[in-house]
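Visitor: Take a look at the following structure, please.
The values are calculated or read from the model by the stated rules, or taken from the named source; none is laboratory data. Quick caveat, the model's predicted, so the values are computed rather than measured. We place every Cβ from the backbone using ideal geometry, glycine too, and count neighbours over all the protein chains shown.
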Amino acid sequence: MSDVLLKVPDARLERTKMMLDRAQWAASGMQKLDRTSVRRIIDAVAAAGHAKAQFYAEWAVRETGMGVVAHKRIKNEACSKGLVELYGGDDFISPRINAARKIVELPRPAGVIFALVPVTNPVATVFFKTLLALMTRNAIILSPHPQARACCADAVRVLAEAAAAAGAPDGCIQVIEEPTIPLIETVMADARVDLIVATGGPAVVKAAYRSGNPAIGVGPGNAPVLVDESADLKQAARRIVASKSFDNSILCTNESTVLAFASIADRLLDALKADGAHVCSPDETAKLRKVLFTDTGFNVGLIGKDASVIAEAAGFRAANAKILVTPVTLVQPEEKLVREKLAPVLAFARVQTIDQAISSARSMMRKSGRGHSAAVHSKSEANILAFASAVPALRVAVNAGCSLGASGFETNLGPSMTIGTGFAGGSSVGDNLTPQHLLNFTRIAYNKDAAEMFGKFEGLDPLHLPKREAPTLSLAVDNGGDAELRRELRRIILEELKAVLAA
C-alpha cells in the first residue's frame, strides 16, 4: 500500500481523504432520515436527472465516441424516474415484523459506498447507483472512467445539488473528478469505505475484491441466443436486431452468438435481413474477424460504433445496416467471433438439436460470460428448461431481446446497470443489483418456544421511539450543594489536565 500512496499526488490524496470524511458524516446523517424524508430526496434527484436525460446522452456520446444518443436517453430516463416509479413504494427503512417466526428485521445501510462507473454506460450508471444508494440511506462516492470523466462529474454535481436542496446531508453524493488507477486503489482500500460496487472490466473488478473491503463486482458477458423451430421467426428476428443494435450493443447483456436450429436457420437469416441486418459473406466475415480482434483482445476503438462504420473499417460497405451478422461453423473460444463483442456484430451458427445448442453455448462461455446472461426464442417449455438448466447463465431472457431483457428493462427481473455473475463468474452476487444488495438487516429473534410470547412491535419506529427519562444525579443541594458540585467538577478537570501535561 505504501508504494501505491507514493504514486498519488499529495494534494489529490488529501482532497480524497476529505471526501471520505464528508461521506462518513453524511452516511451517519442519512441513517437518521425517515421514509418521508428519503422519498423527498430521491424524487428530487430523479427529477433532476430525468430533466437532463437528453443533455447527458448527447454529452456521453460526444465524450466517449460510443453508442447512440436516443438509446442513451432511454437508459438515462429509465435509471432516474423509472427507478423511483419502480421502487418508490418499497420500504427500505421501517422494521419488518414477522410475527409467525417471531423475528423483527431492522434495515442497516452499508454506510459509505464507493462506486466505479464504466465508460460504456456512464451517466445511466451514475443515476442508477446514486438512486439505489439514497433509497437505502447510504452515502456514495462515484469514480467515473477517465474517458467519461467530464459528463459523469457534471451529472454527479447536478444530482448532489438536487439532493442538498431536498434536505440530504452535505456530502452524501460526491465524485472523484480526476480518477487515476493509484487513487482508485487507495480509496478502495480505505477503512472508511464500507462497500465497493465495481462495474467495469475484469481488472478493476478483481482490484475491488483484492482491496480488503466488501465488494460487489460483475464479470463480462457473452450471451448465447437459442432460436428453435417453435419460435415466431419474424418476432425473434425483430427482437434480436433491436436488442443487438440498442446503443450499438454496449450493454454487457447483449447477444453474442445466435444458435439457430438448422431447420429454420435460412428463414431466420432472411428475417434478420428484413429487419436491417447485413449478413456477411465468408470474405466479409474474415475481414471483420481481423479488424475486430487484435493480439491483445477486442479492438477498443470499435466499441459502440455504428455497424456501417465497423464495416468500413473492415474494408466493405454495409450502408444503413443496424447490425452485422457473421456466420461461423465453430462455436468455441478459439473462434474469436463467438467471444463478447460490445459492438453491433452478431455471430450466427447452425445447430441440429437442443443438445448441440447446449454444448455449443457451454463451449463459447468456457472462457467468458459464465454466470452472466443468455436468451431463448421458443415456445417449447422443454427446450427452454433444458437450455436454462444446462447453460452457465444466471438470467435467461425468453422471447425478449437479451440486452434489455436480461438487464430487467423488458422483463420482470430487477432493472439494473450492474449484473451479478455469481459463483460461476467470480462475483459475490448472482442477481441484478437492486436496493436490497445495499442493505444488511439486524434480526431480533425471540426464543421459538411457544411459551415465550413475541413482543408488540407494531407502531414502534427506531427513529422515533418514546423519549426515555434521563437518570437523575442524587446530590445534596441544601447548604450550598450546587457550589459543592462545581468545586468537585473543577477538581476532576484539573486532575485530568495535570495528567495530560505530565504525559
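Visitor: In the list PHE55, PHE92, which residue meets the criterion of being of a type outside the set (D, E, K, R) and assigned to a loop (DSSP other than H, G, I, E, B)?
Guide: PHE92
Visitor: Restricting attention to the range 227-248, report how many residues are under 26 Å from LEU302 (Cβ atoms) and of a type in the set (Ser, Thr, Tyr).
Guide: Going through the range 227-248 one residue at a time, the tally reaches 2.
Each row is one residue, and each column tells you yes or no for (1) buried (at least 24 other Cβ atoms within 10 Å of the Cβ); (2) assigned to a strand (DSSP E or B).
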{"site": "ILE97", "(1), (2)": "no, yes"}
{"site": "GLU105", "(1), (2)": "no, yes"}
{"site": "ARG108", "(1), (2)": "no, yes"}
{"site": "VAL119", "(1), (2)": "yes, no"}
{"site": "ALA124", "(1), (2)": "yes, no"}
{"site": "PHE127", "(1), (2)": "yes, no"}
{"site": "ALA133", "(1), (2)": "yes, no"}
{"site": "ILE140", "(1), (2)": "yes, yes"}
{"site": "GLN147", "(1), (2)": "no, no"}
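Visitor: For the range 66-88, how many residues are more than 16 Å from the chain's Cα centre (by Cα), in a loop (DSSP other than H, G, I, E, B) and either at pLDDT 95 or above or of a type in the set (Phe, Trp, Tyr) (or both)?
Guide: The number of residues fulfilling the criteria is 3.
Visitor: Would you confirm, using the coordinates I've provided, whether GLY67 is on the phi > 0 side of the Ramachandran plot, crowded, with 20+ Cβ neighbours inside 10 Å and either touching a residue at least 12 places away in the same chain (Cβ under 8 Å) or in contact with a His (Cβ under 9 Å, 6 or more places away or on another chain) (or both)?
Guide: Taking the combined requirement at face value, the residue satisfies it.
Visitor: Let me ask something additional. Looking only at the range 398-413, filter to residues that are out of contact with any Phe, Trp or Tyr (no Cβ under 9 Å at 6 or more places or on another chain) and hydroxyl-bearing (Ser, Thr, Tyr); which one of those is nearest to PHE246 (Cα to Cα)? Explain how you work it out, then say what you get.
Guide: In the first step, residues of the range 398-413 are kept if they are out of contact with any Phe, Trp or Tyr (no Cβ under 9 Å at 6 or more places or on another chain); the result is 398-400, 402, 405-413.
Next, only the ones that are hydroxyl-bearing (Ser, Thr, Tyr) stay: 407, 411.
Values: SER407: 13, THR411: 16 Å.
Checked the range 398-413; the qualifying residue nearest to PHE246 (Cα to Cα) is SER407.
Visitor: Among (1) touching a Phe, Trp or Tyr at 6+ places or on another chain (Cβ under 7 Å); (2) surrounded by 16 or more Cβ atoms within 10 Å (Cβ to Cβ); (3) at pLDDT 95 or above, there is one condition MET417 misses while meeting the rest; what is its number?
Guide: (3)
Visitor: Now for a different question. Taking only the range 320-337 into account, find how many residues are at pLDDT below 95 and crowded, with 21+ Cβ neighbours inside 10 Å.
Guide: Here the count works out to 1.
Visitor: So GLU63 ticks every box in (1) assigned to a strand (DSSP E or B); (2) in contact with a Cys (Cβ under 8 Å, 6 or more places away or on another chain); (3) charged (D, E, K, R) but one. Which box is left unticked?
Guide: If we test GLU63 against (1) assigned to a strand (DSSP E or B); (2) in contact with a Cys (Cβ under 8 Å, 6 or more places away or on another chain); (3) charged (D, E, K, R), just (1) comes out false.
Visitor: Here's something else I'd like to know. What's the number of the condition GLY219 fails, among (1) assigned to a loop (DSSP other than H, G, I, E, B); (2) modelled with pLDDT of 95 or more?
Guide: Answer for GLY219: the failing condition is (2).
Visitor: Would you say ALA343 is part of a loop (DSSP other than H, G, I, E, B), among the aliphatic types (A, V, I, L, M) and within 31 Å of the chain's Cα centre (by Cα)?
Guide: Spelling it out, ALA343 is indeed part of a loop (DSSP other than H, G, I, E, B), among the aliphatic types (A, V, I, L, M) and within 31 Å of the chain's Cα centre (by Cα).
Visitor: How many of the residues in the range 228-242 are part of a helix (DSSP H, G or I) and more than 32 Å from the chain's Cα centre (by Cα)? Walk me through it before giving the result.
Guide: Within the range 228-242, the first condition is being part of a helix (DSSP H, G or I), and the residues that meet it are 233-242.
From what is left, the residues that are more than 32 Å from the chain's Cα centre (by Cα) are 233-234.
Of the residues in that region, 2 qualify.
Visitor: Only residues that are hydrophobic (A, V, I, L, M, F, W, C) and buried (at least 24 other Cβ atoms within 10 Å of the Cβ): list them for the range 343-357, please.
Guide: ALA343, VAL345, LEU346, ALA347, PHE348, ALA349, ALA357
Visitor: Filter the range 212-227 down to the residues that are crowded, with 20+ Cβ neighbours inside 10 Å and more than 16 Å from the chain's Cα centre (by Cα) and list them by number.
Guide: ASN222, ALA223, PRO224, VAL225, LEU226, VAL227, listed by residue number.
Visitor: Since LYS75 meets every condition but one in (1) exposed (fewer than 14 other Cβ atoms within 10 Å of the Cβ); (2) in contact with a Leu (Cβ under 9 Å, 6 or more places away or on another chain), which condition does it not meet?
Guide: (1)
Visitor: If I go through the range 305-335 residue by residue, how many of them are under 32 Å from the mean Cα position of the chain (by Cα) and either farther than 15 Å from GLU284 by Cβ or assigned to a loop (DSSP other than H, G, I, E, B) (or both)?
Guide: Residues flagged as under 32 Å from the mean Cα position of the chain (by Cα) and either farther than 15 Å from GLU284 by Cβ or assigned to a loop (DSSP other than H, G, I, E, B) (or both) within the range 305-335 amount to 9.
Visitor: In addition: So ILE103 passes all but one of these: (1) touching a residue at least 24 places away in the same chain (Cβ under 8 Å); (2) within 16 Å of CYS172 (Cα to Cα). Which condition number does it fail?
Guide: (2)
Visitor: So how many residues does the range 420-445 have that are modelled with pLDDT under 90 and crowded, with 19+ Cβ neighbours inside 10 Å?
Guide: Counting residues in the range 420-445 that are modelled with pLDDT under 90 and crowded, with 19+ Cβ neighbours inside 10 Å gives 2.
Visitor: Out of all the residues in the range 182-210, which are among the β-branched types (Val, Ile, Thr) and more than 20 Å from the chain's Cα centre (by Cα)? Reasoning before the result, please.
Guide: Applying the first criterion (among the β-branched types (Val, Ile, Thr)) to the range 182-210 yields 184, 186-187, 193, 196-197, 199, 204-205.
The one that is among the β-branched types (Val, Ile, Thr) and more than 20 Å from the chain's Cα centre (by Cα): THR186.
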